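Let me begin by presenting the structure, written as C-alpha cells, before commenting on it.
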Amino acid sequence: SQALAAELMAQDSMGIIYPSVRHPGGTNLACFRPALVGNVRKAQTYRLTWAGSPQPAVEIT
C-alpha cells in the first residue's frame, strides 16, 4: 500500500521484496530509489529463496 511505502521510505528503506499474486511461488521487487536501478535489460533470471535465515539462496538461471 502507499501508506506502507511512505513509512518505509521515511525509514530510508531501499525497497521491498514480496510474494507475487500472479505467479504462485514467484517474487516481486519494488525499488524506492530509482537511481539504484540502471541499464535495465532482460538477461538472466535470479531466484531468491529464503529458508529461515535473513540471507536468501540465490540461483541464476
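The values are calculated or read from the model by the stated rules, or taken from the named source; none is laboratory data. Keep in mind that what you see is a predicted model, and the values were worked out from it rather than measured. Here the Cβ is made from the backbone with ideal geometry for all residues, glycine too, and neighbour counts use every protein chain on show.
Structure values in brief
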{"read-out": "Hits in region 37-60 (condition: over 15 Å from Thr27 (Cα atoms), β-branched (Val, Ile, Thr) and more than 13 Å from the chain's Cα centre (by Cα))", "value": "Val40"}
{"read-out": "Top-ranked residue of region 33-61 - restricted to ones that are surrounded by 10 or more Cβ atoms within 10 Å (Cβ to Cβ) and among the charged types (D, E, K, R), ranked as farthest from Pro19 (Cα to Cα)", "value": "Arg33"}
{"read-out": "In region 49-61, the residues that are within 26 Å of Gln2 (Cα to Cα) and either at pLDDT below 85 or touching a helix residue (DSSP H, G or I) at 6+ places or on another chain (Cβ under 8 Å) (or both)", "value": "Pro54"}
{"read-out": "Residue within region 7-29 that is without any contact (Cβ under 8 Å) to a residue 12 or more places away in the chain, polar (S, T, N, Q), surrounded by fewer than 11 Cβ atoms within 10 Å (Cβ to Cβ) and at negative phi present", "value": "yes"}
